[in-house]
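The values are calculated or read from the model by the stated rules, or taken from the named source; none is laboratory data. No experiment lies behind these values; they were computed from the predicted model shown. Every residue, glycine among them, receives a Cβ derived from its backbone with ideal geometry; neighbour counts consider all protein chains shown.
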């Protein structure tokens, strides 16, 4: 199935042939797929940049101490600022990487598919393909669609795209709920730790951490990690939900 797609792609890139309606649809959806990632990553870059700046200001406004050792609140602000910087840099990298494919989708398609061997094997008596009957049906439908070039998506592929939309939409919603839950837990536990740190600072409670303090520390940090993981899953599934054709091709070709 990949041979027809590779041939059509080579004609467009190497020979300058005008893409037919089918290839235009694929190229547009591929560009849209990466544009969504640029948009989502850009929003998160601004968000984490703002949060990082907020924690930096808090760090600067923290009262200076005579001894070298920092108090817990100052360490926490530095920790949160570092997380925001790291995540922000990662989002900046995603913006840069996906912008090139958004502006020049043919270059991305060339790198992704022109160096990929076809998954089918030609024999003397028959055509053998990996996968079950459903995969065979999708392979044949995709090959016929590329050859027809009319842009009308075959029913098997259209059904698969609808499944992708449902799958990615549901996963994005569930992951968003989990993200909010983990953020709430993290905020709650860190507020408790900061409150206890002030009590220790003023000598109201002993400085030695107990089991509850260690539990709060583990849960607070774990919740931050799980919230960031859920955020990445949300972004990836929004991308798949709004560009189901490319999501189908990425998982199938």
### Query
Does residue 46 satisfy being within 16 Å of residue 94 (Cβ to Cβ), at pLDDT 95 or above and surrounded by 14 or more Cβ atoms within 10 Å (Cβ to Cβ)?
no
### Summary
By my count, helices (runs of 4 or more DSSP H) wholly in segment 1-114 with at least 3 residues that are more than 29 Å from residue 231 (Cβ to Cβ) and more than 20 Å from the chain's Cα centre (by Cα) are 2-14, 21-61, 105-113
### Task
Please work out which residue is surrounded by the fewest Cβ atoms within 10 Å (Cβ to Cβ), limiting yourself to segment 10-43 and to residues that are over 20 Å from residue 240 (Cβ atoms) and in contact with a helix residue (DSSP H, G or I) (Cβ under 6 Å, 6 or more places away or on another chain).
17
### Query
Going by the conditions given, is residue 172 touching a residue at least 60 places away in the same chain (Cβ under 8 Å), in contact with a helix residue (DSSP H, G or I) (Cβ under 6 Å, 6 or more places away or on another chain) and assigned to a helix (DSSP H, G or I)?
yes
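Could you tell me which of the residues 2, 59 is within 15 Å of residue 147 (Cα to Cα) and modelled with pLDDT under 90?
2
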### Message
Could you check segment 187-208 and list, in sequence order, the residues that are out of contact with any helix residue (DSSP H, G or I) (no Cβ under 8 Å at 6 or more places or on another chain) and at negative phi?
### Response
187, 188, 191, 195, 199, 202, 204, 208
#### Entry: Residue list for segment 153-162, filter: loosely packed, with under 13 Cβ neighbours inside 10 Å and either in contact (Cβ under 8 Å) with a residue 40 or more places away in the chain or under 11 Å from residue 245 (Cα atoms) (or both)
162
